[in-house]
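Just so it is clear, none of the values below were taken in a lab; they were calculated from the coordinates. What you see is a predicted model; the values in this text were computed from it and never measured. Positions of Cβ are generated from backbone atoms using ideal geometry, with glycine treated the same way; all protein chains shown enter the neighbour counts.
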Amino acid sequence: MCGIIGYTGEKQAQPILLNGLAKLEYRGYDSCGIAISAENIELYKDAVRVEALRKASPELKGTLGIGHTRWATHGAPSRINAHPHLDCTGNIAVVHNGVISNYQELKSRLVDEGHKFVSETDTEVISHLIEKYYHGDIEEAVESAVADIEGSYALIVLVKDEPGLAVARKDSPLILGLGDRENFVASDVPAILDYTDRVVYLEDGDTGFITGNDVKVKRDGKEVEREEHKVSWSVEEARKAGYEHFLLKEIHEQPKVIRSILGEYTREKELVADTLGVKDTDIESMLIIACGTSHHAALVGKYIIEELLGIPVRAELASEFNYYSHTLAGGVSLAIIQSGETADTLKAMRKLKEAGNRVIAITNVVGSTASRIASHTIYTGAGPEISVAATKTFMAQLMVLYWLGLSYSRLDARRLSGLVKELRQMPGKVQQVLDDEDSIIEQAKYLSGFENVFYIGRGMSYPLALEGALKLKEISYIHAEGYAAGELKHGPFALLGTDTPVIAIVPEDDTYEAMLTSIKEIKARGSPVIALAEEGDETIEELADAVISVPRVDRLFSPIVNIVVLQLLAYYTARERGCSIDFPRNLAKSVTVE
Ligand code: F6R
């Protein structure tokens, strides 16, 4: 969601801010703006893309400035509601990511005190609060303002005649980028990676002040030290590297992602006991919480862990879990959260922690809020995922779940070592799918002409059906539904017909015979069936209208190869329809509001 950036140094701020905003586009936004401090604060903002802002904005001269991409929450996308927001004097400009939950109350109080508001946003109360408290010391003014605020915020404040930028964070990500006679502040690493790989992750409750030569972080008004980290991603990783879209690049990076997770975790089995914080024999059940694609990984994880550990596993949507609490018990919970910032998952994590659970976060973002809340964090290390639709991070989450499952497995040693050996083959198997995309492209062309599609699977393939459908709907805007194959006849059959193709995921596992029956029933209702089936499956060839072959793998690992087909199918369908693949309408990469 909203992205923020600030620059202070010796260079002209405007191009750096615009470049940073372009790098934050992936978070999702509908308007953007910048403010630069020179003799006065000059501001330019609009409900346009960053490139349009770059073309339309006048040259704003100055070496100190802030920028913002806004994903509308309070008030429609418009020039007035876009950030930065000014106070009454026009001398204070603020960019904000988060939600001020008590803004109505603060706004009424400020209006009574004579402040004039121009926008519908919650953020504008912050610039007026700072105006109220500013008597020459910006740090003090920001500290007083945030003391009045309830909700979440990552803030950058620019004040005329001040030599630097004031910052504050609570429940929204904010990092400082350390340069040579210049410093940066941003929501996320990609915004500053062109300039520096040295970062400081601010913690909840931190405030601070940065100039080109100095970085000061404070907690409760007292200066504190915050560790400097070196970003392990390279600038190239955050670029398209010759691919037409980030999404295609990220799909193609999956063999590398699998290899890196295998290298990181499967050698050191003794790490595992530390990870879950319990002995394998003590785990009696597990709860996994997540949203969206990560929830689909959680559902696959349920099958993996139930099978390998023989314990009951619940996989819950964080947004639902947050509204009931009767079944909480002290135990081990996993929170799957690629961005590390999804508001619903963070809320569920806090709730679980308060109830005495050990909460393990599986995230892709170092220093994220999730990693701060968690009892322990497992990093997926998939590198930057820029495209809004999650692909390689989903694969990385699956790999971590396989690793946890196998490490704690109660299987006999022979089956276990066979599985670990086979897991090591997965980068090659995925590469095989990537190298053989012609049949996928052909089916994508066919699918692109429809407006409704069903995805079906059973067992481990059911969450894949959900994920395949989610990928298709979010990037191609085709209405797609993922269903447990056995459920289709309990209602959705009414929608079947020649204009509703069905994608059936048919690995040769325990669900195979039942899937064949489902396909026959669907064919009898006239729907075209495209099957994902294992190489050499002749039965399916005869039954389905089209077959996309996937490499044969152990039945436990079929999600690893099938998901890549589904991702490519969604990608090429969206491409055929000319959609905005990397940045789909209305969506945000990091969903920081409830
Ligand atoms: C879909 C997608 C979203 C995210 C969801 C949760 O492609 O990316 O559904 O999976 O917003 O995100 P995280 O994992 O950051 O909690």
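Sorting TYR408, TYR455 from the fewest to the most surrounding beta carbons within 10 angstrom yields TYR408, TYR455. Each part reduced to its alpha carbon centroid, region 15-82 and region 452-516 end up 42 Å apart.
Here LYS471 is the anchor, and the aspartates and glutamates within straight C-alpha reach of less than 14 Å, apart from those fewer than 8 places off in the same chain, are GLU250, GLU481, ASP582. On the basis of the beta-carbon distance and an R0 of 25 Å, TYR324 and GLU150 show a calculated FRET efficiency of 0.55. Please enumerate, by chain and number, the lysines with C-alpha under 21 Å from the C-alpha of LYS473, excluding those fewer than 8 residues away in the same chain. Candidates past the 8-residue exclusion: LYS249, LYS392, LYS445, LYS589. Cross-link partners for LYS256 among the aspartates and glutamates, with Cα-Cα distance under 13 Å and sequence neighbours closer than 8 places in the same chain left out: GLU237, GLU264.
Taking the three principal axes of the alpha carbon atoms in region 152-230, the coordinate ranges are 31, 29, 21 Å, sorted in descending order. Classification of region 1-142 by its C-alpha gyration tensor yields an oblate form. The axis ratio a/c (a ≥ b ≥ c) is 1.5 or more, and b/c is at least a/b. Between ILE261, ILE175, THR342, the Cα set farthest toward the positive side of the dipole of the chain (charges on each charged residue's Cβ, about the Cα centre) is that of ILE261. The GluC sites (Glu not before Pro) of region 31-135 that DSSP puts in a loop, and whose beta carbon has at most 12 other beta carbons within 10 Å, are GLU39, GLU59, GLU113. Between ASP194 and ASP499, the modelled label-to-label distance comes to 4.7 nm, taking each label 7 Å out from Cα in the direction of the beta carbon.
For the chain, the longest principal axis of the alpha carbon atoms and the long axis of helix 343-354 meet at an angle near 90°. Spin-label pair ASP412-GLU576: with each label point 7 Å from Cα along the Cα-Cβ axis, the two points sit 4.8 nm from one another. For the pair HIS135 and LYS55 in one chain, pulling the backbone fully straight at 0.36 nm per residue adds 25.1 nm over the alpha carbon distance. Find how many whole Å separate the alpha carbon centroid of region 129-157 from the alpha carbon centroid of region 389-412. When both Cα centres are located, 43 Å separates them. The angle between the Cα long axis of helix 124-133 and the main principal axis of the chain comes to about 30°, on a 0 to 90 degree scale. With the gyration tensor restricted to C-alpha atoms of region 435-584, the semi-axes of the equivalent ellipsoid amount to 21, 18, 14 Å, longest first. Counting every other Cβ atom within 10 Å of each residue's Cβ, HIS295, HIS96, HIS115 order from fewest to most as HIS115, HIS295, HIS96. Dipole magnitude for the chain: about 180 debye, using +1 per Lys or Arg Cβ and -1 per Asp or Glu Cβ, origin at the Cα centre.
Toward the positive end of the charge dipole of the chain, with +1 on the Cβ of Lys and Arg and -1 on the Cβ of Asp and Glu, the farthest Cα among TYR243, VAL313, ALA47 is that of VAL313. Applying 0.36 nm per residue to the separation of GLU513 and GLU442 and subtracting their alpha-carbon distance, the gain on full extension is 22.9 nm.
Cα-based values for region 3-240, radius of gyration first and Dmax second, are 16.2, 52 Å. In region 56-128, the ratio of gyration radius to Kirkwood radius, Rg to Rh, stands at 0.98 when only Cα atoms are counted. Taking every alpha-carbon pair in the chain and binning the separations at 10 Å intervals from zero gives 3, 17, 26, 24, 17, 9, 3, 0 percent. Using only Cα atoms, tell me the angle between helix 13-24 and the longest principal axis of the chain; keep it within 0 to 90° and round to the nearest 10. The angle comes out near 20 degrees.
Listed from fewest to most Cβ neighbours within 10 Å, the set THR73, THR207, THR342, THR500 follows the order THR73, THR500, THR207, THR342. Using C-alpha pairs under 8 Å with a sequence gap of at least 6, the mean separation divided by the residue count of region 435-584 gives a relative contact order of 30 percent. Looking at the chain alone, DSSP beta bridges between its own residues are antiparallel in about 60 percent of cases. When the helices of the chain are scored as -39500 (n - 2.57) per DSSP H run of n ≥ 4 and the total is divided over every residue, the value at 222 nm lands at -10500 deg cm²/dmol. Of the GluC sites (Glu not before Pro) found in region 211-245, those in coil by DSSP whose Cβ has at most 16 other Cβ atoms within 10 Å are GLU225, GLU227, GLU244. Once the chain from GLU284 to ALA546 is taken as fully extended at 0.36 nm per residue, the excess over their C-alpha distance is 90.0 nm.
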